[in-house]
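Colleague: Here you go, one structure.
All of the numbers you see were taken from the coordinates with simple rules; none came from a lab. Everything numeric here is computed off the predicted structure, so don't read it as measured data. Every residue, glycine as well, gets a Cβ built from its backbone with ideal geometry; the counts of neighbours run over all protein chains shown.
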Amino acid sequence: MDDNNKGLSRREFLKRLGLTSAVAMVELSPLSAITNNKPEKPREPNANNMMTYRVHRKTGDKVSLLGYGMMRLPFKDRQVDQELVNAEVKYALEHGVNYFDTSPHYVNGRSESSLGEALKASGFPRKSYYIATKMSNFGEPEWPMEKSVEMYHQSFKQLQVDYIDYYLLHGIGMGSMESFQKRFIDNGLLDFLLKEREAGRIRNLGFSYHADIAVFDHLLANHDKYKWDFAQIEMNYVDWRHAKEVNTRNTNAEYLYNECEKRGIQCVMMEPLLGGRLAKLPDVYSRKLKERRPDDSIASWAFRFCGTYPNVLTALSGMTYMEHLIDNVKTYSPLDPCTTDELALLEDIATNLAAYPTIPCTSCKYCMPCPFGVDIPGNFAYYNNCINEGTLPPTEETAPDFKEKQAAFVAGFNKALKPSELATACTGCRQCQSKCPQRIRIPNQLSRLVDLLEKGNPET
Ligand code: SF4
Ligand code: SF4
């Protein structure tokens with residue numbers, strides 16, 4: 001399989017399930033910090049669980065290097081396709097994936113219940129997997145303590161569990177220090193969560209970080225007080241050293257990772273594919289990677305990069321389609337770490353990619369739904385794709401190929417999105433603005449896309 005961007009047909013998917021349903025549940029064996037079973041060729045999805053695990057230093061949890069992010073669930077007839085989620089979760093468990101990450105905020109509040117149902121339906125015992133969920137008390141101006149505590153208790157109900165393995169303060173840094181103070185300190189919420197950890201209902205307490213580095217530094221500086229069990233950071237081979245070039249509000253993952261490692265805090269990684277960008281590179285870079293490892297997907301390089309760092313506990317991937325899951329399982333079954341030479345190649349590609357003027361959208365969908373129906377990440381994804389493929393119309397309307405490229409650009413947009421989802425439907429209401437962890441000025445960027453779409457159109 002090549003790039004991570006297509007779904008399997010239902011028939012093909014069920015056929016594969018039939019093949020895997022007989023796979024026996026595999027007991028995890030004790031493993032050292034990195035377990036590398038011998039790679040087998042060809043690297044087909046295996047029935048013998050060759051997954052690489054990392055050991056959590058405090059609890060001894062043997063966590064699969066591939067973590068399942070439940071923020072991009074499949075839909076059918078405008079509903080979560082629960083049948084497919086159940087099947088994917090079961091496949092993941094059968095192939096050694098045992099870390100599932102959700103939030104009350106994901107999929108418009110449907111992710112936790114969907115995951116709870118899928119885990120129940122899998123028949124795997126509660127102790128054979130780890131559930132991570134979050135205190136997602138953001139998006140509204142005020143979050144009284146009672147409402148946050150209610151969100152916490154609701155997570156247990158939705159997930160159908162009586163303890164949570166990994167609990168996170170969600171998106172610290174998305175606002176300023178002031179916002180962190182309001183969300184977790186002034187109202188006593190962090191004290192409450194620390195007590196819940198003492199009581200054992202939270203087994204590990206950590207945080208996920210975006211944007212404002214002052215909040216990250218503050219939490220790490222207070223590690224002796226809070227004793228963080230893990231931290232979730234955005235890490236991939238572009239953000240490693242070029243996060244600021246991609247988005248001036250971000251911090252290099254190398255700094256975040258090293259600061260955590262210094263203090264013995266293990267990292268859960270998010271955005272290993274930089275919102276999907278690293279699953280489909282411009283041809284010039286894809287060719288370089290394919291020359292080295294012709295049988296491997298482009299996405300697998302990004303996952304191997306993440307796994308190469310030993311303080312990474314697990315790398316989260318939001319796997320909507322079965323083929324994403326199969327490919328990622330294959331990459332980490334077992335992990336073949338990047339060589340120094342391969343890391344240098346990825347750094348070279350990252351340097352070039354960081355110079356592309358893309359919109360730093362990771363498709364996290366925190367900004368959705370837009371009350372006016374705009375598919376915000378869909379618009380940005382199409383634009384970014386044009387940048388990567390060099391198909392954006394020239395800026396000069398007098399350029400010889402302007403008309404042709406402009407027409408293709410508009411036609412592509414109309415094919416990728418419904419008219420009601422296009423940037424042109426944006427009213428500039430700004431309701432999405434404060435929800436973006438990447439601090440993208442969403443209405444301004446959409447307005448820029450509208451200008452591009454209308455450019456050269458005599459009727460505008
Ligand atoms: S500013 Fe535009 S995209 Fe954002 S919520 Fe309003 S209409 Fe939707
Ligand atoms: S615009 Fe921001 S909030 Fe919306 S999907 Fe992209 S990164 Fe996420």
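Colleague: Give, as a single signed number, the net charge of other residues whose beta carbon lies under 15 Å from the beta carbon of residue 429, with Lys and Arg counted +1 and Asp and Glu -1.
Modeller: +3
Colleague: Now for a different question. Can you divide the C-alpha Rg of segment 348-460 by 2.2 N^0.38 Å and report the result to two decimal places?
Modeller: That works out to 1.09 for segment 348-460.
Colleague: Mind ordering 82-88, 248-254, 360-366 by average Cβ neighbours within 10 Å, highest first? Kindly include the intermediate steps, with their values, before the conclusion.
Modeller: Details: 82-88: 20.4, 248-254: 18.0, 360-366: 23.1.
Listed from highest to lowest mean packing, they are 360-366, 82-88, 248-254.
Colleague: Let me ask something else about it. Where the Cα atoms of the chain are projected onto their three principal axes, how long is each span, largest first, in whole Å?
Modeller: 68, 55, 44
Colleague: Okay, next question. Report the extension gain between residue 223 and residue 287 in nm, rounded to one decimal, defined as 0.36 nm multiplied by the number of residues separating them, less their alpha carbon distance.
Modeller: 18.6 nm
Colleague: Follow-up question, since we're still on this one. Hey, which lysines would be in cross-link range of residue 290, C-alpha to C-alpha under 24 Å, not counting anything within fewer than 8 residues on its own chain?
Modeller: Residue 290 reaches 6, 38, 41, 280, 330.
Colleague: For the chain, what is the percent of antiparallel DSSP beta bridges, rounded to the nearest 5?
Modeller: Values: 6 of 36 bridges.
DSSP beta bridges in the chain are roughly 15 percent antiparallel.
Colleague: Continuing with this model, one more query. So which lysines can residue 182 reach, going by Cα to Cα under 28 Å and dropping same-chain residues fewer than 8 places off?
Modeller: Of all the lysines, those that pass the test against residue 182 - Cα under 28 Å, at least 8 places apart if same chain - are 134, 147, 157, 195, 225, 227, 244, 365, 435.
Colleague: Now for a separate question. So which cysteines of the chain have no other cysteine's Cβ under 4.7 Å from theirs?
Modeller: Result for the chain is 260, 267, 306, 338, 361, 364, 370, 386, 426, 429, 436, no neighbouring Cys Cβ within the cutoff.
Colleague: Could you tell me which of 433, 395, 417 has its Cα farthest along the dipole of segment 376-454 towards the positive end, charges placed at Cβ (Lys, Arg +1; Asp, Glu -1), taken about the Cα centre?
Modeller: 433
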